[in-house]
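Q: This is the structure I have questions about; it appears just below.
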Amino acid sequence: MEQDAIYDLTTQAQLEQAAPTFYFCPSRRRVSRQDVRVLMDYAAAVPGNKTSPGQELEPTFWAGHFATSEGGADFRWVIQPNLVFRGVVTRISWWYSDNAFKGSPSSVAVGDIHDGTSQTMMLGEKCLRPDSYRVGCWCDDRGWTDGWDPDTLRSTTYRPHMDNDNEDPCYRFGSAHTSGFNAVFADGAVHTISYEIDPMLFNYLGDRIDGNAISLDDID
């Protein structure tokens, strides 16, 4: 992205003062801050193994494709070894207590995208509430300086929606556009995905290794 000045920053405080304008959709809002942190309009895709909205989807978002809620709330904050994340962006297992990585999944290379880079969604616009554009909310409060969190990741198990003030947007993709949202695929191509996309197909888009063939004619 040719932002060497930001890349060379060394502290969290410095990062939180940086304001990359390309992290904002020009049809939605200008650069916005929550306290000292810059917000953002885009998030990476996290696929799951279910497509029915509800509490049962949270474990797969936080702790990998085959996670369950049997471990209580630990799937949010205690990162277990050997997790399987099937998106292009994967979660690392950093253990603060030991100052070490334990059982981290490897970063994804092009060869790991078995479904093909042109068939796999990497990131897209995230759904937000218009009444929170300027002030943020719990899933839009740390922007690009955050880690594995709905600030920077959204789930393809939830149907995408247009921005509105009547629901919790925090795991969804979406935008201020009326018919769909823009997404970047692993080959670098940008596609508009309809809000009416079939929910199962949408989840296939986020999964790099599910083996399902996708026609791009069906996403818009």
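Q: When you scan the stretch 119-126, do you find a residue that is of a type outside the set (A, V, I, L, M, F, W, C) and in contact with an Asp or Glu (Cβ under 7 Å, 6 or more places away or on another chain), even just one?
A: Here is the first cut: in the stretch 119-126, the residues of a type outside the set (A, V, I, L, M, F, W, C) are 119-120, 124-126.
The next check asks that each one be in contact with an Asp or Glu (Cβ under 7 Å, 6 or more places away or on another chain); those that pass are 125-126.
Yes: the stretch 119-126 contains one or more residues that are of a type outside the set (A, V, I, L, M, F, W, C) and in contact with an Asp or Glu (Cβ under 7 Å, 6 or more places away or on another chain).
Q: Here is a follow-up. Identify all residues within the stretch 83-103 that are polar (S, T, N, Q) and over 20 Å from P150 (Cα atoms); write none if there are none.
A: S97, N99, listed by residue number.
Q: Out of G174, G136, I need the residue that is closer than 23 Å to R91 by Cβ, under 16 Å from the mean Cα position of the chain (by Cα) and not charged (D, E, K, R). Which one? Steps first, answer last, please.
A: Values: G136 fails: under 16 Å from the mean Cα position of the chain (by Cα).
Result: G174 is the single residue among G174, G136 that is closer than 23 Å to R91 by Cβ, under 16 Å from the mean Cα position of the chain (by Cα) and not charged (D, E, K, R).
Q: L128 is checked against (1) closer than 22 Å to F85 by Cβ; (2) surrounded by 22 or more Cβ atoms within 10 Å (Cβ to Cβ); (3) among the hydrophobic types (A, V, I, L, M, F, W, C) and fails just one. What number does that condition carry?
A: Condition (1) is where L128 drops out.
Q: Can you tell me which residue in the stretch 1-51 is surrounded by the fewest Cβ atoms within 10 Å (Cβ to Cβ), limited to those that are small (G, A, S) and without any contact (Cβ under 8 Å) to a residue 60 or more places away in the chain?
A: So the first thing to find is which residues in the stretch 1-51 are small (G, A, S), and the list is 5, 13, 18-19, 27, 32, 43-45, 48.
In the following step, the residues that additionally are without any contact (Cβ under 8 Å) to a residue 60 or more places away in the chain were identified as 5, 13, 18-19.
On the way: A5: 8, A13: 10, A18: 14, A19: 14.
If we take residues in the stretch 1-51 being small (G, A, S) and without any contact (Cβ under 8 Å) to a residue 60 or more places away in the chain, then A5 is surrounded by the fewest Cβ atoms within 10 Å (Cβ to Cβ).
Q: Okay, moving on. Name the strands (runs of 3 or more DSSP E) wholly inside the stretch 151-220 in which the number of residues that are under 18 Å from R86 (Cα atoms) and modelled with pLDDT of 95 or more is 1 or more. Walk me through it before giving the result.
A: Working: elements: 153-155, 180-185, 190-194.
Answer list for the stretch 151-220: 153-155, 180-185.
Q: Another question, if that's okay. Of (1) under 22 Å from N182 (Cβ atoms); (2) over 10 Å from the mean Cα position of the chain (by Cα), S107 satisfies all except one. Which?
A: Condition (1) is where S107 drops out.
Q: Within the stretch 131-178, track down each residue that is more than 18 Å from P199 (Cβ to Cβ), buried (at least 22 other Cβ atoms within 10 Å of the Cβ) and hydrophobic (A, V, I, L, M, F, W, C).
A: Of everything in the stretch 131-178, those that are more than 18 Å from P199 (Cβ to Cβ), buried (at least 22 other Cβ atoms within 10 Å of the Cβ) and hydrophobic (A, V, I, L, M, F, W, C) turn out to be C139, L153.
Table: residues versus (1) modelled with pLDDT under 80; (2) part of a loop (DSSP other than H, G, I, E, B).
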residue: V31; (1), (2): no, yes
residue: A43; (1), (2): no, no
residue: S69; (1), (2): yes, yes
residue: P81; (1), (2): yes, yes
residue: G87; (1), (2): no, yes
residue: T90; (1), (2): no, yes
residue: P105; (1), (2): yes, yes
residue: V135; (1), (2): no, yes
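Q: Now, a different point. Among the residues of the stretch 117-133, which ones are part of a loop (DSSP other than H, G, I, E, B) and among the charged types (D, E, K, R)? If you could, list the steps in order and put the result at the bottom.
A: Initially, the stretch 117-133 is screened for residues part of a loop (DSSP other than H, G, I, E, B), giving 120, 127-129, 133.
Residue satisfying the conditions is R129 alone.
Q: Moving to a separate point now. Report every pair of residues separated by at least 6 positions or lying on different chains whose Cβ atoms are under 8 Å apart, first residue within the stretch 183-208 and farther than 18 Å from Y158 by Cβ and in contact (Cβ under 8 Å) with a residue 24 or more places away in the chain, second buried (at least 16 other Cβ atoms within 10 Å of the Cβ) and acidic (D, E).
A: Close Cβ pairs (under 8 Å, with a partner that is buried (at least 16 other Cβ atoms within 10 Å of the Cβ) and acidic (D, E)) amount to R208/D115.
Q: Sticking with this structure for a sec: Looking at this structure, is T120 over 20 Å from P20 (Cα atoms), surrounded by 22 or more Cβ atoms within 10 Å (Cβ to Cβ), among the hydroxyl-bearing types (S, T, Y) and at pLDDT 95 or above?
A: For T120, the condition - over 20 Å from P20 (Cα atoms), surrounded by 22 or more Cβ atoms within 10 Å (Cβ to Cβ), among the hydroxyl-bearing types (S, T, Y) and at pLDDT 95 or above - is met.
Q: Taking interchain pairs and intrachain pairs at least six residues apart, which have beta carbon atoms under 6 angstrom, with the first residue in the stretch 145-167 and more than 21 Å from N203 (Cα to Cα) and in contact (Cβ under 8 Å) with a residue 40 or more places away in the chain and the second crowded, with 17+ Cβ neighbours inside 10 Å and acidic (D, E)?
A: T145/E16
The values are calculated or read from the model by the stated rules, or taken from the named source; none is laboratory data. Note that the coordinates shown come from a computational prediction; the quantities given were computed from them, not determined experimentally. For neighbour counting, all protein chains shown are included, and Cβ atoms are generated from backbone atoms with ideal geometry for every residue, glycine included.
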